[in-house]
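Read the structure below first, then the notes.
The values are calculated or read from the model by the stated rules, or taken from the named source; none is laboratory data. Note that the coordinates shown come from a computational prediction; the quantities given were computed from them, not determined experimentally. Because the Cβ atoms are built from the backbone with ideal geometry, glycine has one as well, and the counts that use them run over all protein chains shown.
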Ligand SMILES: [Zn+2]
Ligand SMILES: [Zn+2]
């Protein structure tokens, strides 16, 4: 006994060194939650008629409806509640939470109103606030956080004012001013010198937004962001950029862009110009788990946009998308708190089928560095991952499974590979179209799908995520 005690006794200097090292490690690491696309459907109710379970399924039957939802429906409250408590369970004290919008169900505008939309935003805000009362939340507007949906104006509006009120405990006074003008704001990240967050309202660039279609710079957001990022460089700050609708093209539907072409170009230019201060971009809207790369003029990777999966399992009605549902997902980002470099990404999910059968356990789906054998989530590592996805079938298949949060376990064939690889690599529309041709040639047959130009596709596709 004496011997064992003796053997494990630390000398005082060893203890001190150990504490210092441990403290040093802790001080360098931070983590935050990213949640997005909760899409609460208050109409969800189980009953005898599968077509009447939820308004968000439209004419589709909710064939596997259960307490936690159905793949044809947006989230019932039980799923929303369960996702917020899963966050509490896996990481109860994050540095902050990033919440990138889309709170209301996919239903026609006539079934919603300004009051209904604001009440849904308010209910979800309360749910997060109740479980994380002392956590700072950075919240961006989604195209479904407005009435009529996607019609967010490039100037002051009652809904911007009302939403700023709902979020007032999370917003600094200066943030409220810009939010009321255009739905965007910037703050020092956690009020710390040297760190900043830019919360954008990219719904202004969405091609479904008719109010901004002729504007050069809606709400002056581009010139404002340019100024904020230039000042950030002057102050040697590191910046996270968050928003809802991402630039680039949807990876599950060939040639489906979200932004109007000029806005897409301008967004890419903004990131390329200021990449040295931007440490990460975090967006939603797709409901899928994917990422986008940005490059300098020499082709070196300079920035990554992480698109996190949605909480809603709702199967998209976008024509041409196969298996467009997902399991509900939430995600932790681990970062270097000295540089804001993203070190790792851990995704948790709820298998909806299992949950409805009684096994309602949120589980870790994967950790980026473990599953893809990359050292971190820096642009260089994400580029390495992209090259792996492009050339190695196993990596492609693994990425493809995670893309739908382990919902679609089918094969990603040659055409599917081209769609994903080109969306990941090329945010610029012209370069994306050239990529389709090159990649199809290299995989032999991947280009067999009809190739509509991005511009033509904007006219044809009338759906919205
Ligand atoms: Zn959404
Ligand atoms: Zn959206």
Checklist outcome for this item: With criteria (1) within 20 Å of the chain's Cα centre (by Cα); (2) without any contact (Cβ under 8 Å) to a residue 40 or more places away in the chain, residue 184 comes up short on (2)
Checklist entry - Hey, does segment 291-304 have a residue that's surrounded by 22 or more Cβ atoms within 10 Å (Cβ to Cβ) and within 13 Å of ligand 1 (Cβ to nearest atom)? => result no
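Can you say whether residue 88 is surrounded by fewer than 23 Cβ atoms within 10 Å (Cβ to Cβ), in contact with a helix residue (DSSP H, G or I) (Cβ under 8 Å, 6 or more places away or on another chain) and either assigned to a helix (DSSP H, G or I) or on the phi < 0 side of the Ramachandran plot (or both), as far as the supplied structure shows?
yes
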Checklist entry - For residue 134, which of the numbered conditions (1) away from ligand 1 (no atom under 16 Å from the Cβ); (2) surrounded by 20 or more Cβ atoms within 10 Å (Cβ to Cβ); (3) not in a helix (DSSP H, G or I) fails to hold? => result (2)
Checklist entry - For residue 150, which of the numbered conditions (1) within 16 Å of ligand 1 (Cβ to nearest atom); (2) surrounded by fewer than 19 Cβ atoms within 10 Å (Cβ to Cβ) fails to hold? => result (2)
Item to check | Criterion: crowded, with 24+ Cβ neighbours inside 10 Å and within 29 Å of residue 191 (Cα to Cα) - qualifying residue of 121, 128 | outcome: 121
Checklist entry - Which condition number in (1) without any contact (Cβ under 8 Å) to a residue 40 or more places away in the chain; (2) surrounded by fewer than 24 Cβ atoms within 10 Å (Cβ to Cβ) is the one that residue 76 fails? => result (2)
Item to check | Residue under evaluation residue 369, criteria (1) touching a residue at least 24 places away in the same chain (Cβ under 8 Å); (2) surrounded by fewer than 20 Cβ atoms within 10 Å (Cβ to Cβ); (3) in contact with a helix residue (DSSP H, G or I) (Cβ under 6 Å, 6 or more places away or on another chain), criterion not met | outcome: (3)
Next on the checklist: Looking only at residues that are in contact with a strand residue (DSSP E or B) (Cβ under 7 Å, 6 or more places away or on another chain) and not in a loop (DSSP other than H, G, I, E, B) in segment 33-50, which one is farthest from ligand 2 (Cβ to nearest atom)?
Outcome noted: 33
Item to check | Test result for residue 340, modelled with pLDDT of 95 or more, surrounded by 20 or more Cβ atoms within 10 Å (Cβ to Cβ) and within 19 Å of the chain's Cα centre (by Cα) | outcome: yes
Checklist entry - Do you know which residues across segment 273-284 are outside any strand (DSSP E or B) and within 20 Å of residue 141 (Cβ to Cβ)? => result 284
